[in-house]
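Only one structure is covered here, and it is reproduced in the block below.
All of the numbers you see were taken from the coordinates with simple rules; none came from a lab. Computed from a predicted structure; not experimentally measured. Note that we place each Cβ from the backbone using ideal geometry, even for glycine, and neighbour counts take in every protein chain shown.
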Amino acid sequence: MSSFDPAPDSSTPQTPTTVHTDAAGPTPTRVGTVVWGLIVMALAALIIIAQLGVVTLNGTYVLIGLMIGAGAALVIGGLLSARKRDNEPTTGKS
């Protein structure tokens, strides 16, 4: 019993590593991710505009407007995503 492992035999072919290829292609962008990105960018733009003194912003109105816009974007994005998903052919499996 030795802890020494001999070198692998060079005459035996090495098995190649399997490469996983995704036949479905890249995953689509999630609607929620896009909406949150737009919210953050809109808040940053509003903060910059307020700091420059171009306009004075009421925080309550800004938050209400962002929530209405984000909600509408999520609903519309979800409907478009569901519509696109319904057009794909079914495999007959439930």
FRET efficiency (ARG83, VAL40; Cβ distance; R0 25 Å; to 0.05) is 0.40
With R₀ set to 41 angstrom, the calculated FRET efficiency between the beta-carbons of LEU66 and THR27, to the nearest 0.05, is 0.90
